[in-house]
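Presented below is the structure to which this report refers.
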C-alpha cells in the first residue's frame, strides 16, 4: 500500500512539475489586491436573493464569476463590470434610489468598486495567471491554447497538457491517476454534451453550435450570417442541416487536420453535386442548392431578411408537371398538398418520390 501511494504521489508531483514548466509564462500584469472570492460573499448576501435562481431579476445573475461579469440584457448589452470604473453597470446601479442606493454599506461598496476598477479579476496567480478564467483578459486560457495551436488539449505528451492536472480533458494523460488538490474538472465549465469539444465552445454560444460567438465575451462582427436558417429546423427543412453539409469530410470530435487550422474550409457533401462551390469574395453559394430555376438563384451568405418561398430555389411546380396534389407522388407533404411535414426529406440533393 505504501509503495502504491508513493507511486501515485510521484505521478501527481511529476505531472505538476511538467505542467508548471509548460503552462506558466510571465506577463507584465500586477497582482490584484481583490479577486472574485473577496467580493462573492457580499454578492451572495446582498444581491443573490433577487439576482439568482432560474429567473433572476432583470435577467442578471451573480451566482458565479461568469454570470457576474457578463452583459446586462439591455439594448446595448454592456458588460456588467466594464468599463473598469464607476460607470460599470454593476456599480452605476448602486446609485439608483429606493432599489439599490442603500443596498451596500460604505465598506462593501468600496471593495466592490476596487474589484471592478482593478479589472474584475477572477483569481490570484497560482499555477496559472490571474486572468486565466477571464475570457476578456489577455491571460485567458483560450488565448494561450490558440497561440499553441490547441495542442495542450489534444496532445497528452506535452509538458503543458491540460490532462496532466485536470480531469475532463479531451486528451487525458494515461499516467495521471491522482489530480492536484483544487484542480478543476474541465467539464465544470464546459458542461455541454461533448465537454471541451462541444461545438459551442469555440464557434457559438452555449447550446448554439454555430457562429456568432457570445457577443459579450467575444465582441466583434456578428459572423453568423445564414447559419441559423440552415442549421435550425424550419418548415423548409424540418431536420436542419448538420455542420458536415458544408464542411464535409472533417472530424469534429477532435482538433486536427482541417478542423482547428485557423481557416474556414467550405467543402460540400457529395449530395449537392460535383459543381457545388462557395465564393469567398461574394459569399455566394454559386451552384446546386439555390440554382434550381427559382426566383432567387443567387443568394449570398451575408444576406438577411430574405423571404424564401417554395419557388425561390426551384420552380413550383416545374414545367410539364402533372396538375395533381403534391402528396400523390412526393414524400412528406400534408394531405392538402400545401405544406411540408417533418417526414419530408427536403434539401438533400435529390427528388424524392413515393414511387
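Here are some notes:
- Backbone N under 16 Å from the residue 38 label point (7 Å along Cα→Cβ), restricted to segment 116-152: 116-126, 130-131
- Highest-fluctuation residue, 49, 138, 98 considered, GNM on the chain with Cα pairs under 10 Å: 98
- For segment 36-117, relative contact order (Cα pairs under 8 Å, six or more residues apart, normalised by length) works out to 21 percent.
- Normalised size of segment 198-330, defined as Cα radius of gyration per 2.2 N^0.38 Å with N residues, equals 1.21.
- Contact order normalised by residue count of segment 145-286, Cα under 8 Å, 6+ apart, percent: 12
- Value of relative contact order over the chain, rounded to a whole percent, pairs C-alpha under 8 Å and six or more apart: 10
- Principal axis box of segment 191-264, alpha-carbon based, largest edge first, Å: 34, 32, 26
- Neighbour counts of other Cβ atoms within 10 Å put 254, 197 in the fewest-to-most order 254, 197.
- Fully extended contour minus Cα-Cα distance, from residue 286 to residue 199, at 0.36 nm per residue: 28.6 nm
- For segment 72-227: rounded, prolate or oblate by the Cα gyration tensor [a/c cutoff 1.5]: oblate
- As a proxy for reagent exposure, ranking 263, 62 by other Cβ atoms within 10 Å from fewest up yields 263, 62.
- Here the label points at residue 84 and residue 102, each 7 Å from Cα along the C-beta direction, are separated by 3.5 nm in the simple model.
- Cβ-derived FRET efficiency at R0 30 Å, residue 308 paired with residue 54, nearest 0.05: 0.25
- Centroid-to-centroid separation of segment 250-317 and segment 194-247 [C-alpha atoms, Å]: 15
- Sites residue 249 and residue 295 - FRET efficiency at Förster radius 35 Å, r taken between beta-carbons, to 0.05: 0.60
- Dividing the helix sum by the residues of the chain, where each DSSP H run of 4 or more adds -39500 (n - 2.57), gives a mean residue ellipticity at 222 nm of -6000 deg cm²/dmol.
- If a spin label sat at a point 7 angstrom from the Cα of residue 236 along the line to its beta carbon, the backbone N atoms of segment 311-351 nearer than 17 Å would be those of 311-317, 339-342, 344-350.
- Kirkwood Rh, angstrom, segment 103-161 [1 / mean 1/r, Cα pairs]: 13.4
- Label sites at residue 64 and residue 110, each approximated as a point 7 angstrom past Cα along Cα to Cβ, lie 3.2 nm apart.
- The chain - Rg and Dmax from Cα coordinates, angstrom: 26.3, 85
- Relative protection proxy for 128-137, 303-312, from highest mean packing down: 128-137, 303-312 (other beta-carbon atoms within 10 angstrom).
- In plain terms, the residue of 169, 84, 253 with the fewest other Cβ atoms within 10 Å comes first and the most crowded comes last, giving 253, 84, 169.
- Prolate/oblate/rounded label for segment 36-117 (Cα gyration tensor, a/c 1.5): rounded
- Pairwise label distance in nanometres, residue 138 with residue 328, each label 7 Å out on the Cα-Cβ vector: 7.2
- With the Kirkwood sum run over all distinct C-alpha pairs, segment 290-355 has a hydrodynamic radius of 13.2 Å.
Throughout, read-outs are computed from the coordinates displayed, never taken from laboratory work. It should be emphasised that the depicted structure is a prediction, and the values quoted were computed from it without experimental measurement. Because the Cβ atoms are built from the backbone with ideal geometry, glycine has one as well, and the counts that use them run over all protein chains shown.
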